[in-house]
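None of the figures in this text is laboratory data; all of them are computed from the coordinates on show. Every value quoted in this text rests on a predicted model; they were computed, and no experiment measured them. For neighbour counting, all protein chains shown are included, and Cβ atoms are generated from backbone atoms with ideal geometry for every residue, glycine included.
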Amino acid sequence: MISVLGVQQCAFIVKDIGEAIKFYEELFGFDVVRSPEPDWPCAWLQIQPSQQLHLIEREEPEQFLDPESVRHLAFGVPDLQAAITELVNRRLGAFCYDPQGNRREVNSENIKLMGTQAVFFRDPSGNLVKLVQSPS
């Protein structure tokens, strides 16, 4: 058996590296620790001291991005309600699933009624991101 200490990095394929960097910097405050170069359009963003998100630009990202895919990266957040409010204010098309598995859009009217412990949204390239209420 291999002992795992945690997830060190995750990579997303993106359509526009500059747009992706700006999105993750502004929404989450991630720091760029490796910037794109002309011959290698990728960036490493620091999430936590031992965790990174790698953004890799591809000329034809559609071959890697499936809008129906449920592949996602999940981030634990200390206050899910505050995170949902931020997603709604930024009009990022946040959604969750009810107990029956039905997809429900999250908006300013139903934000308090959802009673959800997780919310999903897509980044500008279509990658699915999940925010989960971390245990206190």
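Among rounded, prolate and oblate, which fits the range 66-136 when a ≥ b ≥ c are the square roots of the eigenvalues of its C-alpha gyration tensor, a/c under 1.5 means rounded, and a/b larger than b/c means prolate?
Taking the square roots of the gyration eigenvalues as a ≥ b ≥ c, the range 66-136 is rounded.
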Checked the range 37-79 against the a/c 1.5 cut and the a/b vs b/c comparison, axes a ≥ b ≥ c from its Cα gyration tensor; verdict oblate
Cα convex hull volume per residue for the chain, in Å³, equals 151 Å³
In the neighbourhood of GLN46 defined by beta carbon distances under 11 Å, the net charge of the other residues (Lys, Arg +1; Asp, Glu -1) is -1
Taking every other residue with Cβ under 13 Å from the Cβ of VAL77 and scoring Lys and Arg +1, Asp and Glu -1, one gets -1
Farthest towards the positive end of the dipole of the chain, among GLN46, LEU27, GLN133 and with Cβ unit charges of +1 on Lys and Arg and -1 on Asp and Glu, lies the Cα of GLN133
